[in-house]
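The values are calculated or read from the model by the stated rules, or taken from the named source; none is laboratory data. As the structure is a prediction and not an experimental result, all values here were calculated from the model. Positions of Cβ are generated from backbone atoms using ideal geometry, with glycine treated the same way; all protein chains shown enter the neighbour counts. Keep in mind that these areas ignore ligands, DNA and RNA; they rest on the heavy atoms of the full protein, side chains included. Shrake-Rupley method; radii C 1.70, N 1.55, O 1.52, S 1.80 Å.
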Amino acid sequence: MPDQYIFRNNEYIRILPAWAQELASKYGSKTANLYILHGNIRDLLPHKRKEGEFTFTRVQEYISEILFGNQDIIAFYDRSGGVSFCEPEMEQNYLLAAPSLSANQDVDKSDFISSDPEKCFPYLEKYFLSRIPKDKREKCRMVFIIDYAEHIVPAGDLIRLSDTDRYCMVTFNRWATDPKFINGDISIILLTENLADISSRLAGSPSTVKISVPFPEAKVRESFLRSKEKESKLLLERGLTPEKLATVTSGLNLMNLNRLAAESYEENKPLSLDFMRYKKKEIIENEAAGLLEFMETSYNLSHVSGHDFIKKRFKNAAKAIKMGRPDVLPMGYLIAGPVGTGKSFMVNAFAGEIGIPMVKFRNFRTKWQGETESNLEKVLNILVAMAPVGVMIDEADAFLGDRDQEGDSGTSNRVFAQIASFMGNTEFRGKIIWFLITCRPDLIPIDLKRQGRAEEHLALFYPETDKDREDLFKTLVRKLDLDIRNFPITDLFKKYKHEYSGADLEAVLVRAKLLAAMDDRVFVKREDMEEAMSDFVPAAYPHEVELQNLVAVLECTSREMIPKEFRSLPRSKIISSIQELKSLLGER
């Protein structure tokens, strides 16, 4: 949804960010009164006072001050601090009125503001209802903001909830559907970082409005840095500007930037681009709780031997990114091929080519119900904040699962649906680029590899000719930084006729390097290479490799990628061969 603007002094001024506009719009429609704000709610939120000038505040203050002007009745609650109000006068009025709402005149006044929801919620409810104007022409807005909502209506099976959690669940659902609350202008706003941490019975209710608060965009980060600069609390390396710094800090929120700026100022050490890139990696990996891993590479596509068709595709994609043309990029890539063909290395090399961050998914699944979905939501929010970013999922056939998995109370099904929906969001075309790597693309559900998700299917195969193997040898020598004394490697390939994969040949080179080291040499001689090649025996799994070759051939979306030995095979023959091999290997 676009930001809301007003026209003032011959210029358009943004007065609400999109999430706040949505909240204001839903509130103004009077069709709902229970809202869940999730996402970047622990950050400093920007409010644009006028063009180029922002103020920054916390979410509770943003809602109470900026959206509601600290007027009428605005109450806060969390499980630790209990009940409070945005203005002292509001709290005094409540404490004076609350005893009259109790049948027991000896009630403990601490119950009115207790952190126990079973004690304070009944008083707040009666107080809110008592303040509804009898004259419909009068207005009294009442807003109840509840922080850390996941601690009073947590995700999980209903049977596992405590009595207090059940009470809160029933109370919120009742408030959300009670006409007195809706018509009486009483709104409840729940705050949580991850929507998945909230009970699905509440979060999934049609009576609940869910609004995501995003990470700050580059312009907001720049404005925040400029505000620090005006306060003389921002030290930057010579030549570095807030604008440049904002461009390399995607994925960081304003709290992160504020901490880094404060540390730099206190230590009198100017911020540099290299330092910020390092801190960005550290902060995001910590924010993701180890669920994302930054891929740092010193390689590019020039370090990849063969696979010319795929390298051309990737170089074109890299050029489109640098030209600012995300609209021409695929949503994602499926990288197939048998083991040892360098699929992961190809993606690493592409990461070095494009100049944008590349991250790798790590295992976000846990044995605790609800935590897996929460972890995934956190990771996906970070990816949106980091855009543009590449995302690599290795062994994608095992990692992603499918819609039909059983035995975990539906967690895998929900996770799969969440990933599939996110991958298919065309708003992220060219901003979040997926790389699904697998040697068994046939095991990846069609939902993920169809057009609009991992739509570009590329396959890598073993070198076909001695020239291909020689080119691979030279590339690996450069990758491993080996000192090779010149000798004709072609003769050795003819002498030792193994079907080398890239991983096989790299293993042979490492063995040859070890032989040289044992002879107290830093260079590799022909004798070292010959001894290593003569001793090398490839792992014996021919049926598995043949199956991986055939399913990769079947997955190719371009004939040019297919090895010559497979090009003339009819598709029906390939399918029948795959079925025979699966039967031989005991697969269904």
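Residues that are in a helix (DSSP H, G or I), within 24 Å of the chain's Cα centre (by Cα) and at pLDDT 85 or above: does region 223-233 have at least one? Yes, there is a match, as at least one residue in region 223-233 is in a helix (DSSP H, G or I), within 24 Å of the chain's Cα centre (by Cα) and at pLDDT 85 or above.
Within region 469-480, is there a residue that is of a type in the set (S, T, N, Q) and buried (at least 17 other Cβ atoms within 10 Å of the Cβ)? Yes.
Would you please name the residue that is least open to solvent (accessible area, probe 1.4 Å), looking only at residues in region 504-522 that are without any contact (Cβ under 8 Å) to a residue 60 or more places away in the chain, assigned to a helix (DSSP H, G or I) and charged (D, E, K, R)?
Just the residues of region 504-522 that are without any contact (Cβ under 8 Å) to a residue 60 or more places away in the chain, to begin with: 505-522.
Restricting the remaining residues to those that are assigned to a helix (DSSP H, G or I) gives 505-518.
Retained after the next criterion (residues that are charged (D, E, K, R)): 506, 511, 513.
Numbers: Glu506: 50, Arg511: 98, Lys513: 102 Å².
Out of the qualifying residues, it is Glu506.
Among the residues making up region 1-35, those that are modelled with pLDDT of 50 or more, more than 17 Å from Met142 (Cβ to Cβ) and aliphatic (A, V, I, L, M) are Ile15, Leu16, Ala18, Ala20.
Those residues that are in contact (Cβ under 8 Å) with a residue 40 or more places away in the chain and part of a helix (DSSP H, G or I), I need them from region 474-484; list them, please.
Start the filter on region 474-484 by keeping residues that are in contact (Cβ under 8 Å) with a residue 40 or more places away in the chain, which leaves 474-476, 478-479, 482-484.
Result: Lys474, Thr475, Leu476, Arg478, Lys479.
Within region 485-500, can one find any residue that is in contact (Cβ under 8 Å) with a residue 60 or more places away in the chain and part of a loop (DSSP other than H, G, I, E, B)? Looking through region 485-500, none of the residues is in contact (Cβ under 8 Å) with a residue 60 or more places away in the chain and part of a loop (DSSP other than H, G, I, E, B). Exactly one residue out of Ile182, Ile146, Ile186 is surrounded by 16 or more Cβ atoms within 10 Å (Cβ to Cβ), under 23 Å from Cys86 (Cα atoms) and in contact with a helix residue (DSSP H, G or I) (Cβ under 6 Å, 6 or more places away or on another chain), and it is Ile186.
Quick one: is Phe172 open to solvent by less than 20 Å² (accessible area, probe 1.4 Å) and of a type outside the set (D, E, K, R)? Give the steps one after another, and end with the answer.
Values: open to solvent by less than 20 Å² (accessible area, probe 1.4 Å): yes; of a type outside the set (D, E, K, R): yes.
So Phe172 passes the test.
Suppose the filter is polar (S, T, N, Q) and either closer than 16 Å to Ile152 by Cβ or buried (at least 17 other Cβ atoms within 10 Å of the Cβ) (or both); does Ser64 pass it? Even if it seems obvious, please write down each step before you answer.
Values: polar (S, T, N, Q): yes; either closer than 16 Å to Ile152 by Cβ or buried (at least 17 other Cβ atoms within 10 Å of the Cβ) (or both): yes.
Answer is yes for this residue.
Give region 297-317 a look and list any residue that's out of contact with any Leu (no Cβ under 8 Å at 6 or more places or on another chain) and open to solvent by less than 10 Å² (accessible area, probe 1.4 Å), or say none. Once the filter is applied, which keeps residues that are out of contact with any Leu (no Cβ under 8 Å at 6 or more places or on another chain) and open to solvent by less than 10 Å² (accessible area, probe 1.4 Å), region 297-317 yields only Leu301.
Pick from Lys564, Lys573: which is touching a residue at least 24 places away in the same chain (Cβ under 8 Å) and open to solvent by 70 Å² or more (accessible area, probe 1.4 Å)? Walk me through how you get there before you give the answer.
Values: Lys573 fails: touching a residue at least 24 places away in the same chain (Cβ under 8 Å).
That would be Lys564, the only listed residue that is touching a residue at least 24 places away in the same chain (Cβ under 8 Å) and open to solvent by 70 Å² or more (accessible area, probe 1.4 Å).
Of all residues in region 213-222, those satisfying the criterion of being within 24 Å of Leu37 (Cα to Cα) and either in contact (Cβ under 8 Å) with a residue 24 or more places away in the chain or part of a helix (DSSP H, G or I) (or both) are Val213, Pro214, Phe215, Pro216, Ala218, Lys219, Val220, Arg221. How many residues are farther than 19 Å from Asn286 by Cβ and assigned to a helix (DSSP H, G or I) if we restrict to region 234-273? Residues flagged as farther than 19 Å from Asn286 by Cβ and assigned to a helix (DSSP H, G or I) within region 234-273 amount to 10. Scanning region 213-271 for residues that are more than 18 Å from Pro46 (Cβ to Cβ) and of a type in the set (Lys, Arg), we see that the one that is least open to solvent (accessible area, probe 1.4 Å) is Lys244. Would you confirm whether or not region 291-306 contains a residue that is part of a helix (DSSP H, G or I) and under 24 Å from the mean Cα position of the chain (by Cα)? Within region 291-306, not a single residue is part of a helix (DSSP H, G or I) and under 24 Å from the mean Cα position of the chain (by Cα).
Collect the residues in region 523-538 that are surrounded by 13 or more Cβ atoms within 10 Å (Cβ to Cβ) and among the small types (Gly, Ala, Ser), keeping them in residue-number order.
Here is the first cut: in region 523-538, the ones surrounded by 13 or more Cβ atoms within 10 Å (Cβ to Cβ) are 524-533, 536, 538.
If the condition is that a residue be surrounded by 13 or more Cβ atoms within 10 Å (Cβ to Cβ) and among the small types (Gly, Ala, Ser), then Ala532 is the only one that fits.
Residues that are of a type outside the set (Ser, Thr, Tyr) and within 18 Å of Ile382 (Cα to Cα) within region 196-218 comprise Ala196, Asp197, Ile211, Val213, Pro214, Phe215, Pro216, Glu217, Ala218, listed in sequence order.
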